Amino acid sequence: MTRFITLAAAALGLALVATPLAAQNNSKTIEGTLTLFEGQKFDGDSYRLEKDEPSLQHDFLVGSIAVFPGETWELCDKPKFKGNCLTVSANETGIGKAMIKSARVVKAK
């Protein structure tokens, strides 16, 4: 699976650490959803998205993200998909503490 990022991680103030595909725990999310975790290793409080969310109301900083295999999501630090945005297509751990304010599924072209 190819991972791609639309913006430099530094634009969001993130320190992304790639997790080898074989080591990813894809059971943290289900098809059609994205799960945001407070902890760095899919732990702590979590928030599951089942659709595009132009204004997230969760109250914690994101430390890791679980993406269902084959799906791609765009995460932005401002509501309505504005500000610095990051596109993820694989699980991310060790993000640091990122505030995600909007998220949407990226449709395949």
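The values are calculated or read from the model by the stated rules, or taken from the named source; none is laboratory data. Bear in mind that the values here come from a model prediction, so they are computed numbers and not experimental data. Methodologically, a virtual Cβ is constructed for each residue, glycine included, from the backbone with ideal geometry; neighbour enumeration extends over all protein chains shown.
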Which condition breaks for residue 108 when tested against (1) small (Gly, Ala, Ser); (2) within 16 Å of residue 47 (Cα to Cα); (3) exposed (fewer than 14 other Cβ atoms within 10 Å of the Cβ)? (2)
Conditions first: (1) in contact with a strand residue (DSSP E or B) (Cβ under 7 Å, 6 or more places away or on another chain); (2) assigned to a loop (DSSP other than H, G, I, E, B); (3) of a type in the set (D, E, K, R). Residue 107 passes all but one, so which condition is the exception? (1)
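Can you confirm whether residue 19 is modelled with pLDDT under 95, among the hydroxyl-bearing types (Ser, Thr, Tyr) and surrounded by fewer than 18 Cβ atoms within 10 Å (Cβ to Cβ)?
On the way: modelled with pLDDT under 95: yes; among the hydroxyl-bearing types (Ser, Thr, Tyr): yes; surrounded by fewer than 18 Cβ atoms within 10 Å (Cβ to Cβ): yes.
So residue 19 fits the description; yes.
At least 1 residues that are at positive phi and at pLDDT 95 or above in each: list the strands (runs of 3 or more DSSP E) lying fully within segment 40-88 that qualify.
Fully inside segment 40-88 and qualifying: 82-88.
What residue, among those in segment 70-83 that are within 13 Å of the chain's Cα centre (by Cα) and not β-branched (Val, Ile, Thr), is farthest from residue 103 (Cα to Cα)?
Start the filter on segment 70-83 by keeping residues that are within 13 Å of the chain's Cα centre (by Cα), which leaves 71-77.
Subset that is not β-branched (Val, Ile, Thr): 71, 73-77.
Details: 71: 13, 73: 7, 74: 6, 75: 4, 76: 6, 77: 9 Å.
Step by step, filter segment 70-83, then rank; the result is 71.
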